[in-house]
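I'd like to ask some things about the structure below.
The values are calculated or read from the model by the stated rules, or taken from the named source; none is laboratory data. As the structure is a prediction and not an experimental result, all values here were calculated from the model. Please note: Cβ atoms are built from the backbone with ideal geometry, for glycine as well, and neighbour counts cover all protein chains shown. When the accessible area is computed, the model is the full protein with side chains, heavy atoms only, and any ligands, DNA or RNA have been set aside. Shrake-Rupley method; radii C 1.70, N 1.55, O 1.52, S 1.80 Å.
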Amino acid sequence: MPFAGQPATHGWLRIHAGRICSVGTGPAGSGALDLGDCIVLPGLVNAHTHLEFSTLDSPLAGEGGLPAWIARVVELRRSRSETPQQIAAALDRGLVESAAAGVTSIGEISTGAWPTQARRHGPRVWVFREGLGLSEAAAEATRRAVHRDVARLAAAGVPAGVSPHAPYSVSAPLGRSLLAIARRLRLPAAMHVAESEAEAEFVAAGSGAFRTLLETLGAWPTAAPPRLLSAADWISRLARGPRSLVVHGTFLDDNALARCARHRDRLSLVVCPRTTRLLSGGLPPLARFREAGIRVALGTDSRASNPDLSVLAECRALVDGGLASPAEALHMATVAGAWALGFERHAGRLAPGRPADLVVLRPRGPWADPYEAALDPETRVVATLRAGRLIHGGLIG
Ligand SMILES: [Zn+2]
């Protein structure tokens, strides 16, 4: 299933020096490795996650929605205060789990210095360095830290981006300076926007569940209340950069949605279906996004809000919820995800000249429709390759 043309039966592809050099159907010639009854897909793209939570066995409770869940995350962070080695181990575990789920490209949100020595043979990772803060005092320190970390990533050859956290946690001046870093360095940006219904009230009036949350956490600057921006304003600012990801967007109003559509040449929405279901009680409004003509990619979000890091399981949630066909969901998980990360010339399709990033799936029984078979819960990921190298499983047997 190359996603560059129709699925082909008896298909083959030839890999040389980490790249796909030809793709065809019929007899593959001598020296070919016969994979048997398999489905070969482009490596899956998880456009949004936070791998630091990858050691959690089960997600935190979702009762009370996003503000209550954030309070639980902060409590968790404060209670476990991990060493850099423990954080690196959690990231590594997330990378291993992702490879086992057929993922070869990840849009990762990082809250600190990314260990650039992190496993080089796992999936490709775009590290979006996150910044947040509402007080004036926090803004300058955050800007400096984000700038330092993205410069380090660039120096180490790690694809980097910038992530102002969310409209309820980033003041307008801090957001402006973070997005200026992204524009100056030609980096993509990612931001959680309109994830919760309570966000609009908070940014407009400074009241509601987020105000209570921030006061409880001691993060509300009483002396000088911050200037906050609406979702629509953030989308316009995000659209000034080379490529931006609007994460969630569940509660975008018509105005904000129209701005996403207007800037579809540089902007994608990323939906995380199972996380949205946990924290908002329903699946993302995909039909609304589709009607507006917006590009939509898929993410798992983290194990703090999701039971695993499987992009195929996110596809299944959309299909089972009647929101997308299997073909559409898999397009989101490949072609649209690669575009969202600005990597559309290299990932998301199986075509000559591209890195051999691919996943081999084996359905349990007989099958007819390859899209449906790829999403069958019984189907196994038998191998994941990045640039022609196995990062999970094996190709024989
Ligand atoms: Zn997130």
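Calculate, for the range 44-340, the solvent-accessible area per residue in square angstrom, rolling a 1.4 angstrom probe over the heavy atoms of the protein chains.
38
Follow-up question, since we're still on this one. Please give me the summed charge of the neighbours of residue 65: other residues whose Cβ is under 11 Å from its Cβ, Lys and Arg +1, Asp and Glu -1.
With Lys, Arg at +1 and Asp, Glu at -1, the net is -4.
Filter the GluC sites (Glu not before Pro) in the range 21-93 down to the DSSP loop ones having no more than 13 other Cβ atoms within 10 Å, then list what survives.
Sparse-neighbourhood loop GluC sites (Glu not before Pro): 63, 82.
Taking the convex hull of the Cα atoms, report for the chain its projected area averaged over all directions, in nm².
Hull-based average projected area comes out at 18.7 nm².
For labels at residue 33 and residue 197 in the simple 7 Å Cα→Cβ model, what's the distance in nm?
That separation, rounded to one decimal, is 5.1 nm.
Next question. Which residues does a label at residue 14 reach in the range 30-66, if reach means a backbone N under 11 Å from a point 7 Å past the Cα toward the Cβ?
The answer is 30-32.
As a test, work out the antiparallel percent of DSSP beta bridges whose residues both lie in the range 1-133, rounded to the nearest 5.
40
Taking the Cα centre of the chain as origin and charging only Cβ (+1 Lys, Arg; -1 Asp, Glu), how large is the dipole, in debye to the nearest 20?
Dipole about the Cα centre, nearest 20: 1560 debye.
Suppose R0 equals 25 Å; then what is the FRET efficiency for residue 217 and residue 148 from their Cβ-Cβ distance, rounded to the nearest 0.05?
Once the sixth-power term is evaluated, E becomes 0.50.
So if I place +1 on the C-beta of Lys and Arg and -1 on the C-beta of Asp and Glu, and nothing else carries charge, what would the dipole magnitude of the range 1-158 be about its Cα centre? I want it in debye, nearest 20.
Using only the charged Cβ atoms, the result is roughly 520 debye.
Could you go through the range 378-384 in sequence order and give the Karplus-derived ³J(HN,Hα) for each residue, using 6.51 cos²θ - 1.76 cosθ + 1.60 with θ = phi - 60°, rounded to whole Hz, and x for Gly and Pro?
7, 5, 9, 7, 9, 7, 10
Now for a different question. Given a 1.4 Å probe and every protein chain left where it sits, what share in percent of the accessible area of the range 2-72 is carbon and sulfur?
54
Using alpha carbon centroids, what distance separates the range 344-380 and the range 33-67, in Å?
16
Could you identify which residue out of 72, 129, 266 has the top mean-square fluctuation in a GNM of the chain using Cα springs shorter than 10 Å?
Largest GNM mean-square fluctuation: 72.
Let me ask something else. Just order 277-285, 172-180 by mean Cβ neighbour count inside 10 Å, highest at the front, would you?
172-180, 277-285
Okay, next question. Report, in deg cm²/dmol and to the nearest 500, the calculated mean residue ellipticity at 222 nm for the chain, where each DSSP H run with n ≥ 4 adds -39500 (n - 2.57) and the sum is divided by the residue count.
Mean residue ellipticity at 222 nm (helix-derived): -10500 deg cm²/dmol.
I would also like to ask the following. Give me the percent relative contact order of the range 185-330, please, defined on Cα pairs under 8 angstrom at least 6 residues apart.
Computed value for the range 185-330: 20 percent relative contact order.
Here is a follow-up. Can you order the peptides 306-312, 17-23 by their average number of other Cβ atoms within 10 Å per residue, highest first?
306-312, 17-23
Here is a further query. Please compute the modelled spin-label separation between residue 184 and residue 121, points set 7 Å along Cα→Cβ, answer in nm with one decimal.
My value for the distance between the label points is 3.9 nm.
Continuing with this model, one more query. So if each residue of separation counts as 0.36 nm, and I subtract the Cα-Cα distance between residue 266 and residue 100, what length gain in nm does that give?
Once the chain is fully extended between residue 266 and residue 100, it gains 56.7 nm.
Test of understanding: what is the full-extension gain from residue 287 to residue 140, defined as 0.36 nm times their sequence separation minus their Cα-Cα distance?
Roughly 48.9 nm would be gained on extension.
Taking every Cα atom in the range 18-136, find the radius of gyration and the maximum pairwise distance Dmax, and write them in Å.
In Å, with Rg to one decimal and Dmax whole: 19.4, 67.
Roughly how many nanometres apart are two label points built 7 Å out from the Cα toward the Cβ at residue 80 and residue 254?
Distance between the two pseudo-spin positions: 4.4 nm.
Let me ask something else. Of the DSSP beta bridges with both residues in the chain, give the percent that are antiparallel, rounding to the nearest 5.
Counting DSSP beta bridges with both partners in the chain, the antiparallel share is about 40 percent.
Moving to a separate point now. Taking the Cβ of residue 166 as the center, what net charge do the other residues with Cβ under 10 Å away carry, scoring Lys and Arg +1 and Asp and Glu -1?
With Lys, Arg at +1 and Asp, Glu at -1, the neighbours total -3.
Using a Förster distance of 41 angstrom, determine the FRET efficiency expected from the C-beta separation of residue 111 and residue 380, and round it to 0.05.
Computed FRET efficiency for residue 111 and residue 380: 0.75.
If you don't mind, there's one more thing I want to ask. Take every Cα pair under 8 Å in the chain that's 6+ residues apart, average their separations, divide by the length, and report that relative contact order as a whole percent.
Reported relative contact order: 24 percent.
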